[in-house]
Amino acid sequence: MANREPTDIPRWQRRPEARPEEIIDAAQQVFGESGFARSKLEDVARIAGVSKGTVYLYFDSKESLFRAMVRAKVVAALTEAEEIVRSHDGPCGELLAGLIRLMYHRMRSDQMARISRLVHAELINFPELAKFYFEEVILRARRLIEDVIRRGVEAGEFRPVPHGFAARGLSSLLVQTAQVQCFFRSYDPDALTEEQALEGLIDLYLNGVLARPIDRSQLPAGPAAI
């Protein structure tokens, strides 16, 4: 009799250590579809294929589950990006273009676009979660971009930008572009493809920070830019 693959095993028979990840995956779906205020742990449990009591074994509240979901789905991606920046040895323009591509593709996924929408629409009503998200995601992403900009300025590739706005501005451009492409593209009579939107974002941003006119032939192309 053939061995069954792990994905064929009913969820209630899987190892307990797999359950937190399944619950977090379900939470991302529920939070993204229903928003934070309207989400219920019963719905998370149902999608994860566990009881509500099992959810409480791992997460003592909806707030703690939201924090765990953000750390698993958003902060983990930032950690990956930080490692890429640390290990990069080459032109900072190349690094920045690749970083923009990486961050955009992460933010453009339907699940992450919905979480981003939740963050901007609802967390103002949940100050502790807003503070948590700002410190662990927004500020950390800003520091990452600031590091790349600083290295570019020191290398003579980038120009100093007043008030350190370059890092803040990139985050805003990424979020807004991803949101428009996700939620409004189907209504746009002049809609851009994903690659056109990304190319325009990179072109606009790099020409804003470069110390000299850009030679587009020197930019890496495609998702494997970093």
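The values are calculated or read from the model by the stated rules, or taken from the named source; none is laboratory data. Owing to the predicted nature of the structure, the values given are computational and were not obtained by experimental measurement. We place every Cβ from the backbone using ideal geometry, glycine too, and count neighbours over all the protein chains shown. These area figures cover heavy atoms from the full protein model, side chains too; ligands, DNA and RNA do not enter into them. Shrake-Rupley method; radii C 1.70, N 1.55, O 1.52, S 1.80 Å.
Here are a few things to note about the model shown:
- Out of Leu65, Leu57, Leu78, sole residue that is open to solvent by 20 Å² or more (accessible area, probe 1.4 Å) and under 30 Å from Leu41 (Cβ atoms): Leu57
- Positions within segment 81-95 being open to solvent by less than 50 Å² (accessible area, probe 1.4 Å) and touching a residue at least 24 places away in the same chain (Cβ under 8 Å), in sequence order: Ala81, Glu82, Ile84, Val85, His88, Cys92, Gly93, Leu95
- A count restricted to segment 96-131 and to residues that are open to solvent by 10 Å² or more (accessible area, probe 1.4 Å) and touching a residue at least 12 places away in the same chain (Cβ under 8 Å) stands at 20.
- For segment 66-101, the set of residues classified as of a type in the set (A, V, I, L, M, F, W, C) and over 15 Å from Asp147 (Cβ atoms) consists of Phe66, Ala68, Met69, Val70, Ala72, Val74, Val75, Ala76, Ala77, Ala97, listed by residue number.
- Within segment 187-226, considering residues that are in a loop (DSSP other than H, G, I, E, B) and of a type in the set (D, E, K, R), the one modelled with the lowest pLDDT: Asp215
- Applying the criterion of being of a type in the set (S, T, N, Q) and open to solvent by less than 40 Å² (accessible area, probe 1.4 Å) to the residues of segment 169-207, the residue that is nearest to Met103 (Cα to Cα) is Ser171.
- Residue list for segment 150-160, restricted to those being open to solvent by less than 40 Å² (accessible area, probe 1.4 Å), under 28 Å from Phe134 (Cβ atoms) and out of contact with any Phe, Trp or Tyr (no Cβ under 6 Å at 6 or more places or on another chain): Phe158
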